[in-house]
Structure formats: C-alpha cells, structure tokens
Amino acid sequence: MKSRYSLNLGRPFGIKVSVHWTFSLLIAWIVLISVSQGLGITQILMHVLFVLALFVCVVLHELGHSLAAIRLGGEVDSITLLPIGGMAHMSKMPEKPRDEFLVSAAGPLVNVAIAIILWIYLVYLHPKGVGEMEFEAVTAANFPLMLLAANLFIVAFNLIPAFPMDGGRLFRSALSIKMSRLKATRIAKDIGQVFAIFFIIAGLFINPFLIIIGFFILLGAKGEYEMIKYQDVLKNYTVKDIVKTEFAELDEDDTLGKAAEKLVQISDNGFVIRSEGDYAGILTKNDLINGLNAHGRETKIKDVMRKEIEAVHTDTPLFEVFQDMQKNRNHLLPVIVDDEFMGVLDIENLNEFFLIRKATQKI
C-alpha cells in the first residue's frame, strides 16, 4: 500500500506500522450497524473501542510474524492495517521449511498468549463471574471475555489451510520437507483457492467481508506462486547473464521532444543518457512522459533524467534484482562495475529471459 493512502502509527522494533484509509470504512460500518440496532452512544463507543482493541491484537499478531522472520534472517519493511486484518510486508522471507513454520506459527501464538492473559484476568482479577454477564452487546463487563473469544477466533481462522494465510503457510512448510518449494506452493495454492471460492460463496449469504477475504486469498496465492516460479527459474543466474550492452542513447542536452520522437522507434524502456560521451544517467519512459506533461518538449533531458538511480553489479543474483525492480517499480537500471558503465538491465528483457528459461525447464 502506498504511504499516501495510509496513516503512520509508529515504528515498534523499527518496523513501520500504518493503517490504510479503508480501515475508516470498517469503523463507519460498525457505527451504522450499532445505530440500526438502536444502541445508545455509550454502547456504540464501546463497540468502536472493541474493534480498536481487536486490531491492536492484530498488530501484535503481525509483529509476532515479523520479529520471528527477522530473527531467522528475514527482512520486514512494514505492517499495514486493513479492514480485513493486518499484512506484514516482507522483502525477504525465510525459506527453510523449519524457519517458515516458525514464522507462520508465531502470529497465532501471540493471540494464544493474549487469550491466556485475558483468561488469567477473568479467573483471578475480574470481579464479575461469566455467568452474570450479558452478551447482546459489548459492555465494560464482558469486554475482556469478548476480546478473549475474538483472539481464539483469530487463531482458528488463521490456521485454516488456505494459502497465503498462516495455516496455508504452515501446510506449505510441511510439504516442503518432502518436495520442492515450488511444488509445495502449487499444492498449497490450489487448496487455498478451494477455500477462497467457499469464502466468496459464503460471503454472499453470511458476511460480505468473507467475499473480500476470498478474493484476497485468490490474488495473494496467485501472486506469491508467480514470485516463487521466478525465484525457481532465476536462482542460478546473475545480472551478467542478461545485461544489455546495446541500448538507445541520448545526450543530456537533447530535448524531451527529440526523446519522444526517438521513443517510438525503440523497444527499450528508456534511454541511457550521456554527457560528453560518458554515462550520466537514465531517462525512463515514465520520466519522459511526466517531463513532457510538466515542462514541455523544449525541456532539456538533464533537467528530468535520473542521475542518482541505484546501479546494479554484474554479480548480483538476478532474482534479487527482479524483486527490487518490482518493489521500486524500476523498469530500467544501469549496470556499473568499478565505476565503469557496462550496460542496462531492462525489466522486459528480464521477463522474456524468464519465459524462455521457464519453457526450457517446463515448470
């Protein structure tokens, strides 16, 4: 999720936590349902407070995953709160079956720990017995018990073997002990899609949020499976296997109009820009179009080109670069070794390279 659509809540343990704007729709829906039931302002506020407390538990759940991943060598960029729950964005996930199992189990175990703490409170410190509570609405009296039940529900729901949910990841990690990670992912994805279809159908009759969850599972599983395929195909290659040494060039003093005219004649994602014959930067298609819209055809290329774009080395693993290009939406990168410009890495060529190797390997 892009940061402009989210509100930053802080950086616990150095991990950025934000809430997406659509979370406000959930609060509005809770208020609307409460009003339609004829509840008073106090009870409505209690329902909203309960939802907020529940999402604190969700954040702790995602922190459980994240801290376990970091401990086992993974990398976590951020955690985003959505109406359907939380999502930890991991740029690097531990791949060993045992490590993935521990990371996947860490989140639900946090909710189990929260439920145990609430149970201890209810048994030893809560002044009112469970039998005396009313459960028609969330109240100050039943709040701890309702939150305990909600955490147990989170555990049970997340353990459904619907990849890429926690249960699906646990299932994949178990399969990966006996088969390749790619094959294990494919099996987990197929089973997850069955659950996803069930959620979508059930959502039509029970709760519309199940429809959203169903589509999340369908899209999430497909996206991760595609990424695993790229990893499997590209794992033995580096940038030097695909670096382009022939590319379109322009001078930094050329105009955007000249670049636009030349763009229709090339198949690259942009241009290498020279200054007095030496490499000076990159001008991508998007840079060109944005520059034309903002400044016009007579603007010099040097005023809009990317001078500080991060270069890659020929020995960098190709899948690692692919991940970075996808994450940062870079379609064209310079390849530089010992301050010497060697060529460019083009995302379209990388995708073509993948398709050819995939066809050869018959994945």
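Does ILE213 meet the test of being closer than 30 Å to SER176 by Cα, out of contact with any Gly (no Cβ under 7 Å at 6 or more places or on another chain), buried (at least 18 other Cβ atoms within 10 Å of the Cβ) and not assigned by TED's automatic domain parsing to the domain that holds GLU320? Criteria met by ILE213. What pairs come out if I take residues in segment 351-362 that are in contact (Cβ under 8 Å) with a residue 60 or more places away in the chain and pair them with residues that are of a type in the set (A, V, I, L, M, F, W, C) whose C-beta lies under 6 Å away, six or more apart or interchain? Correct list of pairs: PHE353/ILE242; PHE354/VAL233; ARG357/VAL233; LYS358/VAL233.
Annotation note: of ALA260, ALA196, the sole residue that is of a type outside the set (Asp, Glu), out of contact with any strand residue (DSSP E or B) (no Cβ under 9 Å at 6 or more places or on another chain), surrounded by fewer than 16 Cβ atoms within 10 Å (Cβ to Cβ) and in contact (Cβ under 8 Å) with a residue 12 or more places away in the chain is ALA260. Among the conditions (1) assigned to a loop (DSSP other than H, G, I, E, B); (2) over 23 Å from VAL76 (Cβ atoms), MET342 misses just one, which is (1). Taken together, VAL35, VAL58 contain a single residue that is in a helix (DSSP H, G or I) and either of a type in the set (D, E, K, R) or more than 30 Å from ARG329 (Cα to Cα) (or both), which is VAL35.
So which residues in segment 246-289 are aromatic (Phe, Trp, Tyr) and modelled with pLDDT of 90 or more, if there are any at all? Break it down stepwise before answering.
We begin by selecting, within segment 246-289, every residue aromatic (Phe, Trp, Tyr); these are 247, 271, 279.
Listed by number, the residues that qualify are PHE271, TYR279.
Give segment 10-28 a look and list any residue that's without any contact (Cβ under 8 Å) to a residue 12 or more places away in the chain and hydrophobic (A, V, I, L, M, F, W, C), or say none. Spell out the reasoning first.
The initial filter retains those residues of segment 10-28 that are without any contact (Cβ under 8 Å) to a residue 12 or more places away in the chain, namely 10-11, 14, 24, 28.
Hit for segment 10-28 is ALA28, nothing else.
Residues of segment 354-363 include none that is farther than 18 Å from TYR230 by Cα and modelled with pLDDT of 90 or more.
The set of residues in segment 292-326 being more than 30 Å from GLY257 (Cα to Cα) and under 21 Å from the mean Cα position of the chain (by Cα) consists of LEU318, PHE319, GLU320, VAL321, PHE322, GLN323, ASP324.
The condition of being more than 26 Å from CYS57 (Cβ to Cβ), of a type in the set (Val, Ile, Thr) and either in contact with a strand residue (DSSP E or B) (Cβ under 8 Å, 6 or more places away or on another chain) or in contact (Cβ under 8 Å) with a residue 60 or more places away in the chain (or both) holds for only one of ILE154, ILE177, that being ILE177.
Filtering segment 216-232 to residues that are buried (at least 18 other Cβ atoms within 10 Å of the Cβ) and closer than 26 Å to LYS285 by Cβ leaves only TYR230. Scanning segment 6-15 for residues that are in a loop (DSSP other than H, G, I, E, B), modelled with pLDDT under 85 and surrounded by 19 or more Cβ atoms within 10 Å (Cβ to Cβ) turns up nothing.
The values are calculated or read from the model by the stated rules, or taken from the named source; none is laboratory data. Note that the structure is a prediction, hence the values are computed from the model and not measured. Quick reminder, even Gly has a Cβ in these numbers, built from the backbone with ideal geometry, and neighbours come from all protein chains shown.
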